[in-house]
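This report refers to the structure that appears directly beneath it.
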Amino acid sequence: MADRRLSVSLRQPSPIPLDLEFTCDPGDVLAIFGPSGSGKTTILRSIAGLYRPGHAVVMSGPDTWSNTATGAFAPPHQRAVGVVFQEYALFPHLSARGNVMTALGHRPRGDRRARADELLALVHLADHHDRRPRELSGGERQRVALARALAREPAVLLMDEPFAAVDRAVRRRLQDEIDSLRRTLDIPLVLVTHDFEDVVRLATHLLLLDRGTAVASGPLANLMSRPDLTWLREAVGLGSVFDARVVRRDSERGLLELAFAGGALLASERAIRVGTVVRVRIPAREVILAAREPSGLSLHNALAGTVSALSSDPAFDHVVVQLTVGGVSLLAEVTRDAIARLDIAVGRPLYALVKSVSIDVISSETT
Amino acid sequence: MDWTALSVSLWLGAGTIAILLPFGIWLGRLLAVRQFRGKLVVEALVTVPLVLPPTVLGFYLLVTFGARSPLGQAFHAIVGQSLPFSFTGLLVASAIANLPFVVQPIQRGFEAIPSDIRDAAACCGLSPWQRFARIELPLAWPGVLTAAILAFAHTLGEFGVVLMVGGNLPGETRTLSIAIYDRMQAFDDRSAGVMAATLLVIAVVTLMLTTTLSRRAGFARG
């Protein structure tokens with residue numbers, strides 16, 4: 001894996017402050033998340049070689065793309081990098097095919113046309129070869145931009161706010177397509193976004209950025225269940241995110257049975273094939289804590305776990321309880337009063353109660 | 001109708017474009033893309049011919065390239081011809097007088113290309129030269145076309161500089177606009193009228209051609 005790992009370290013005090021380092025392995029999706037103006041795009045530009053920070057080390061596997069210490073610098077056209085720009089930056093004077101062919105310079109001349117058509121088919125644009133960008137919809141432009149970025153057979157794929165310019169319905173579909181695509185690509189994918197939905201749906205890893213500085217980074221599930229990241233919580237609401245597998249679809253009861261590291265979960269039914277690995281998000285506000293396993297409730301999910309951490313935030317007047325359920329962290333946001341009444345402390349066994357409708361099942365295989 | 005004068009005018013226009021376009025594309029792109037010290041001075045120098053009276057421009061050209069000036073002598077030694085009162089001299093003068101008409105539209109043309117298009121071209125693996133030839137130049141083309149037309153039309157109509165630098169030598173420096181003046185001085189209204197009409201027709205046809213070409217180029221963005 002490490003042979004094609006992207007590793008990045010950027011530092012400079014001004015004009016755009018940067019202080020961060022991260023790695024991204026092939027097959028992983030690192031989302032760089034932060035408010036506008038936090039330097040997200042500058043990070044992508046630095047990886048692509050379009051921007052040269054004061055101190056930078058960018059490595060793609062064994063290849064050094066930038067190293068300010070040794071003075072090594074490969075210009076953008078010599079880096080095997082695919083970039084999907086925020087406004088797509090398609091060449092307006094070229095057709096969709098022409099745009100993709102522009103990035104196929106490494107291929108023999110005779111192959112380029114066929115390869116471009118293949119790539120356009122891959123992004124579901126098989127019948128739009130000859131259209132100019134202005135004749136395409138926002139979502140179609142995004143697809144051309146993606147096909148063009150992939151055409152170079154990049155060692156790293158970079159996407160800058162890839163869904164900012166398309167409407168919500170199209171965005172969903174594109175996200176799913178990219179999600180299934182990246183599983184087959186096996187290259188590091190770095191995604192910049194200020195929309196947390198992109199993160200939840202696509203990312204495996206997360207880097208939180210605030211004014212150019214990495215506030216936190218790591219696997220998404222770990223970060224999402226860290227109650228100390230107040231800022232993240234304000235932005236998206238706290239919640240746990242983890243992967244689960246679809247075990248059974250119970251159409252009669254309208255339920256979806258999921259298996260995860262901590263046991264079984266019941267969610268409301270969705271058209272997802274059995275065996276599919278899905279991402280599950282449970283908002284901390286939707287989790288109820290109980291001392292005993294309750295009965296006589298409409299509830300489907302009562303998960304036995306142990307309190308592993310408590311954190312309170314005076315600004316919210318709430319306490320976030322971290323419950324470990326078979327290795328997975330579940331978060332519950334409760335009042336101080338609840339803490340006192342249930343005598344909640346680290347090490348106490350508790351039940352987490354979750355309504356099936358509160359479980360957000362995210363899948364790229366919905367039909 | 002002075003056919004020789006018409007031919008001198010057309011050759012002068014074509015020659016001016018041939019000299020100025022490559023230089024204008026180089027300088028216009030440089031001014032559009034790069035930030036460098038002295039950029040303001042360069043931009044001012046390029047624009048000067050626009051605001052200077054043609055006679056002043058002609059005067060300085062004569063002083064610079066005259067038979068007694070070092071530059072003029074050097075030119076004479078190399079080419080074996082003096083610049084003042086020759087077609088070559090006229091061409092040099094015309095190129096300088098047309099600098100703003102060529103550089104500015106081209107500069108605007110390159111400036112209109114969004115920087116992320118340039119970046120995208122680099123990220124597609126195109127070398128700087130390929131980026132220029134395949135992305136930038138086609139996108140700046142309307143500006144280049146405008147520059148060529150403006151320079152041509154302006155050269156046909158140039159009077160002051162031609163009179164100062166070139167004088168009025170038939171077949172060498174007598175352009176159509178000089179010939180018209182010459183005929184008027186000789187009370188030959190008929191010839192002057194024919195030639196004036198010719199210039200008018202050329203001007204209108206040129207402009208129609210521009211419109212058609214730029215529509216066909218049709219790189220309406222977005």
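The values are calculated or read from the model by the stated rules, or taken from the named source; none is laboratory data. Predicted model, so just to flag it, every value in this text is computed and none were measured. Every residue, glycine as well, gets a Cβ built from its backbone with ideal geometry; the counts of neighbours run over all protein chains shown. Ligands, DNA and RNA are stripped out before the accessible areas are found, and what is left, the full protein with its side chains, is counted by its heavy atoms. Shrake-Rupley method; radii C 1.70, N 1.55, O 1.52, S 1.80 Å.
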- Message: What Kirkwood Rh does region A:239-362 have if only Cα atoms enter the pairwise 1/r average? Answer in Å.
- Response: 14.9 Å
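Interface size between chain A and chain B, please: total buried accessible area, 1.4 Å probe, rounded to the nearest 100 Å².
Details: alone 16530 and 12170 Å², together 26920 Å².
So the buried area, both faces added, is about 1800 Å².
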- Task: Would you please give the residues with an amide H less than 5 Å from that of A:V156, counting only those at least 5 places away or on a separate chain, with H modeled from the backbone geometry?
- Result: A:G82
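Can you give the translational diffusion coefficient of region A:6-112 in µm²/s, computed by Stokes-Einstein from the Kirkwood radius over Cα pairs at 10 °C and 1.306 mPa s? Before the final figure, lay out each step's value.
On the way: Rh = 15.5 Å.
Answer from the Stokes-Einstein relation: 102 µm²/s.
Taking only Cα atoms of region A:83-182, what ratio of Rg to Rh do you get with Rh as the Kirkwood inverse-distance radius? Show your work: numbers first, answer last.
Details: Rg = 12.5 Å, Rh = 13.4 Å.
Here Rg/Rh amounts to 0.94.
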- Task: From other protein chains only, count the Cβ atoms within 10 Å of every residue's Cβ in B:128-134, then give the mean.
- Result: 2
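Suppose R0 equals 60 Å; then what is the FRET efficiency for B:L71 and A:H55 from their Cβ-Cβ distance, rounded to the nearest 0.05? Intermediate results must be reported in sequence, preceding the final value.
Values: r = 50 Å, r/R0 = 0.84.
The calculated FRET efficiency here is 0.75.
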- Note on the structure: Stokes-Einstein D for region B:131-217 (10 °C, 1.306 mPa s, Kirkwood Rh from Cα pairs), in µm²/s, comes to 106 µm²/s
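Stretch A:A169-A:S298 to full length: gain in nm at 0.36 nm per residue minus the Cα-Cα span? Present the calculation step by step, with values, prior to reporting the outcome.
On the way: separation 129, 0.36 × 129 = 46.44 nm, distance 3.26 nm.
Fully extending the segment from A:A169 to A:S298 adds 43.2 nm.
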- Put simply, what bits of region A:13-52 lose 10 Å² or more of accessible area when the other protein chains are there, versus the chain on its own (1.4 Å probe)? A:R45, A:L50
- Tilt relative to chain B, helix B:137-157 - C-alpha long axis, 0 to 90 degrees, to 10: 10 degrees
- Query: For B:32-38, what's the mean count of beta carbons from other chains sitting within 10 Å of each residue's beta carbon?
  - Reply: 0
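Report the FRET efficiency, 1/(1 + (r/R0)^6), for A:S308 and A:A121, where r is their Cβ-Cβ distance and R0 is 45 Å, rounded to 0.05.
Values: r = 48 Å, r/R0 = 1.08.
About 0.40, to the nearest 0.05.
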- For region B:68-169, taking Cα atoms only, what is the radius of gyration to one decimal and the Dmax to the nearest whole Å? 19.1, 56
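Taking the square root of 5 times each eigenvalue of the Cα gyration tensor, what semi-axes in Å does the equivalent ellipsoid of region A:59-100 have, largest first?
Details: eigenvalues 172, 21, 17 Å².
Output for region A:59-100: semi-axes of 29, 10, 9 Å.
Quick check on region A:152-299: what are the equivalent-ellipsoid semi-axes from the Cα gyration tensor, as sqrt(5λ), descending, whole Å?
Working: eigenvalues 175, 93, 39 Å².
So the three semi-axes of region A:152-299 are 30, 22, 14 Å.
What number, in percent, do you get for the relative contact order of chain A if the mean sequence gap of Cα pairs under 8 Å and at least 6 apart is divided by its residue count? Let's see the in-between values first.
Details: 807 pairs, mean separation 58.0, N = 367.
Reported relative contact order: 16 percent.
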- Query: Where is the GNM fluctuation largest for chain B (alpha-carbon springs, 10 angstrom cutoff): B:F23, B:F101, B:F187?
  - Reply: B:F187
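Gain in length, A:R336 to A:T23, computed as 0.36 nm per residue apart minus the alpha-carbon separation, to one decimal in nm?
Numbers: separation 313, 0.36 × 313 = 112.68 nm, distance 3.90 nm.
Length gained between A:R336 and A:T23: 108.8 nm.
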- Query: How far is helix B:99-111 tilted, in degrees, relative to the longest principal axis of the Cα atoms in chain B, given as a value from 0 to 90 rounded to the nearest 10?
  - Reply: 10 degrees
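For an R0 of 56 angstrom, estimate the FRET efficiency from the Cβ-Cβ distance between B:W11 and A:Q78 and round to the nearest 0.05. Before the final figure, lay out the partial values.
Numbers: r = 46 Å, r/R0 = 0.82.
Calculated transfer efficiency: 0.75.
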- Message: Please report the carbon-and-sulfur percent of the accessible area for chain A; probe 1.4 Å, protein heavy atoms only, DNA, RNA and ligands left out.
- Response: 49 percent
- Kindly report the accessible area of region A:2-231 per residue (heavy atoms of protein chains, probe 1.4 Å, no ligands, DNA or RNA), in Å². 39 Å²
- Message: Output the 0 to 90 degree angle, nearest 10, between the alpha-carbon long axis of helix B:70-79 and the longest principal axis computed from the alpha carbons of chain B.
- Response: 90 degrees
- Fraction of beta bridges assigned by DSSP in the protein assembly as shown that are antiparallel (%, nearest 5): 80 percent
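To the nearest whole percent, what portion of all C-alpha pairs in the protein assembly as shown is separated by more than 41 angstrom? List each step's numbers first, then the result.
Working: 80110 of 173166 pairs.
Summing the P(r) tail past 41 Å for the protein assembly as shown gives 46 percent.
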- What length, rounded to one decimal in nm, is gained on full extension from A:D130 through to A:D195, with 0.36 nm per residue of separation minus their alpha-carbon distance? 20.1 nm
- Whole-Å semi-axes of the ellipsoid equivalent to region A:2-231 (Cα gyration tensor, √5λ, descending): 29, 21, 15
- Item | Inter-part distance where region B:124-177 and region A:293-358 are each reduced to a Cα centre, Å | 77 Å
- Per residue accessible area of region B:3-215, 1.4 Å probe, in Å²: 50 Å²
- Task: Wrap a convex hull around the Cα atoms of region B:3-215, take a quarter of its surface area, and give that in square nanometres.
- Result: 13.9 nm²
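Over chain B, what is the relative contact order in whole percent, taking alpha-carbon pairs under 8 Å and six or more residues apart?
In percent, rounded to a whole number, it is 31.
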- Does any residue of region A:84-125 lose at least 30 Å² of accessible area with all protein chains in place compared with its chain alone, and if so which ones (probe 1.4 Å)? A:F85, A:A89, A:F91, A:P92, A:H93, A:T102
- Message: Using alpha carbons only, how many angstrom separate the centre of region A:73-133 from the centre of region A:139-191?
- Response: 13 Å
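Any idea what % of Cα-Cα pairs in region B:1-125 are farther than 19 Å? Please list the in-between numbers first.
Working: 4715 of 7750 pairs.
Taking all Cα-Cα pairs of region B:1-125, the fraction more than 19 Å apart is 61 percent.
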